[in-house]
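Presented below is the structure to which this report refers.
The values are calculated or read from the model by the stated rules, or taken from the named source; none is laboratory data. These figures come from a predicted structure and were not determined experimentally. Neighbour counts are summed over all protein chains in view; Cβ atoms, including those assigned to glycine, are modelled from backbone coordinates with ideal geometry. Surface areas here come from the heavy atoms of the whole protein model, side chains and all, with no ligands, DNA or RNA. Shrake-Rupley method; radii C 1.70, N 1.55, O 1.52, S 1.80 Å.
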Amino acid sequence: LGTARPSNGASPGAEGRLGFYSLLYLAQAMGNARITHPVRIAAITEGAQPVLGEETLAAGKLLIQGPCRILPQEFSNLSCVHIDLPPAGALSDGQVAQVAAEAARPGRDRVVAFRHGLRWVQSYEPVTLGPAPENGGRLRKQGCYLVTGGLGGIGLVLSKWLAETAAARLVLTARTGFPERGDWTEWLLSKPEDDPVSRRIRGVQELEAAGADVLVLQADVTDEVQMQQVVAEANRRFGPVNGAIHAAGVAGGGIVQLKTEQMAERVLGPKVEGARVLNRVLKGQPVDFLVFCSSMSAIVGGFGQVDYAAANAFLDALAWENRAAGGPFTVSINWNAWNEVGMAVETQVPQNLRSLQTEFGLVDSISNAEGVDAFRRILGGFDEPQAAVSLTNLPEFLEQTWQTAEEVATRVGMPGESQPRPELATPYVAPATETEAKVAAIWQEVFGFDEVGRDDDFFELGGHSLLAVQLLKPLQDEFAHNLTLPVLFEHSTVRALAEFIEATEWATAGDGPGEDPDAGEREEITI
């Protein structure tokens, strides 16, 4: 098995990239090789989990949890377990036996750790938080607070609470430019109501109306020099930084099979490097708290979220690492979706998928008021490094995701009534061969359209990852062919897919259904 060497300038394995990309590329290789039989992957780390409080933690190792969570959700034949061993250098015979036994163990335990001969399983317990102190607990009156991604939806909502509670002096960073204050009036008058920059300008104005002094600075949170300049300017304008909220991030998107390093790094960078940079530039500042805005995706996963889940798992681990290292109070909050602001609102999800998620309880969104209430309670009276905010019991929710995943995959893309074919750039052309007709009929059923033409493209019809998974089974059943996601994406029209199926059937004539004609020539190895 070859390991991945990131080409983004980071040293090999920096911040756990090697583990993340090795699992990512392994899954892609199996998809490309059309491996469809069940495969169990055991990802092994040393001292990555804070089990006994005596581990020297390295947050980067937890990037592997992104693939461990997501691969089984995107590949029906894959299962994953993350096994964490105590730091010990070379593995003993006993540890090798433990790993082998755990890798072969059936069940749903996703994260397992071994310490002093005992087997530990990761779990979550509900916590009831009492009312937060009226003064905000860890807040200082007119304290200086830095918010990365401060012009984003959640950043602005939490900043407003800081303004209202402590008349805070706020330093908000954004990666893109922001109009000069003297240009705000003209900008607001000349732009439509839903203009993104206009929304941010109004957000800053609301902060100031709530009693805050606000400084907006352009900076890339992954650039340490720029962030040092941000802290220096904050000190010059408002005094020492008393706390920080790391809300910068980029929404993930795109299935594992088509994920590139460039796509993944765009998501990993702001959270991973950004959090590390924030840790460093705040050294020497009288910081009372550091809050990482993580996501429930680090715990429950999510289709197309392998990089986003990994980045947020890193934030969770870094909060634990900070505590182990004796740093300032740090807490990583696994937010569920906010239903008024945030990435979940700004990221488009196909309507049929959103409806199914709601039906099966896979969408558990909170309002701004609920998010602020949870935030003030966590900041005011919570002492643990990690808190997951959910409207439902999290262990029950995790069990439910296991039970409903297959049913969601089965029903995604199947509306109750047939809909007219959408207007496409490609005119409708009826299927011309028997294979095309069979493929088109399956597409019609899955998409819910009354007709699909031979030149219609999967993506133009509104296809997405879960619909692709839904298409595979009936296609495999109809043609006795182990079709895979890469094949579907590379042959994305009815005509192209039918030609591929016919060519493959011709090339394998004489073989039994589903058999691999090269099976006798392939050398199998144990990894």
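For residue 107, the conditions (1) free of Cβ contacts under 8 Å to residues at least 12 places away in the same chain; (2) under 30 Å from residue 273 (Cβ atoms) all hold with the exception of (2). Of the listed requirements (1) open to solvent by 50 Å² or more (accessible area, probe 1.4 Å); (2) hydrophobic (A, V, I, L, M, F, W, C); (3) part of a strand (DSSP E or B), residue 96 misses just one: (3). Entry remark, segment 452-480: residues being among the acidic types (Asp, Glu), open to solvent by 20 Å² or more (accessible area, probe 1.4 Å) and within 15 Å of residue 495 (Cβ to Cβ) number 3 in total. Search segment 481-506 for residues being in a loop (DSSP other than H, G, I, E, B) and open to solvent by 30 Å² or more (accessible area, probe 1.4 Å), and hand back the single one that is nearest to residue 453 (Cα to Cα). So, considering only residues that are in a loop (DSSP other than H, G, I, E, B) and open to solvent by 30 Å² or more (accessible area, probe 1.4 Å), the one nearest to residue 453 (Cα to Cα) is 491. Given 215, 172, 258, which one is over 19 Å from residue 273 (Cα atoms), aliphatic (A, V, I, L, M) and open to solvent by less than 30 Å² (accessible area, probe 1.4 Å)? Answer to the selection: 215. Of all residues in segment 227-239, none that is touching a residue at least 24 places away in the same chain (Cβ under 8 Å) has its Cβ atom under 7 Å from the Cβ atom of a residue that is exposed (fewer than 14 other Cβ atoms within 10 Å of the Cβ) and among the charged types (D, E, K, R), 6 or more apart or on another chain. Candidates 437, 374, 441: the one that is closer than 30 Å to residue 341 by Cβ, modelled with pLDDT of 85 or more and not charged (D, E, K, R) is 374. When segment 437-467 is filtered for residues that are part of a helix (DSSP H, G or I) and in contact (Cβ under 8 Å) with a residue 40 or more places away in the chain, the ones remaining, listed by number, are 438, 439, 440, 443, 465, 466, 467. Number of residues in segment 35-50 that are open to solvent by 20 Å² or more (accessible area, probe 1.4 Å), among the β-branched types (Val, Ile, Thr) and closer than 18 Å to residue 89 by Cα equals 1. Give me a count of the residues in segment 46-76 that are more than 21 Å from the chain's Cα centre (by Cα) and either modelled with pLDDT of 80 or more or assigned to a strand (DSSP E or B) (or both). Total meeting the criteria: 9.
What pairs come up if the first residue lies in segment 193-211 and is closer than 11 Å to residue 156 by Cβ, the second is of a type in the set (S, T, N, Q) and assigned to a helix (DSSP H, G or I), and their beta carbons are under 8 Å apart, counting only those six or more places apart or on different chains? Pairs found: 207/159.
Do you know which of the residues in segment 218-234 that are surrounded by fewer than 15 Cβ atoms within 10 Å (Cβ to Cβ) and not hydrophobic (A, V, I, L, M, F, W, C) is nearest to residue 168 (Cα to Cα)? Applying the filter and picking the extreme gives 233. Answer yes or no: is there a residue in segment 292-312 that is modelled with pLDDT under 95, closer than 30 Å to residue 143 by Cβ and surrounded by fewer than 24 Cβ atoms within 10 Å (Cβ to Cβ). Yes; the residues of segment 292-312 include at least one that is modelled with pLDDT under 95, closer than 30 Å to residue 143 by Cβ and surrounded by fewer than 24 Cβ atoms within 10 Å (Cβ to Cβ).
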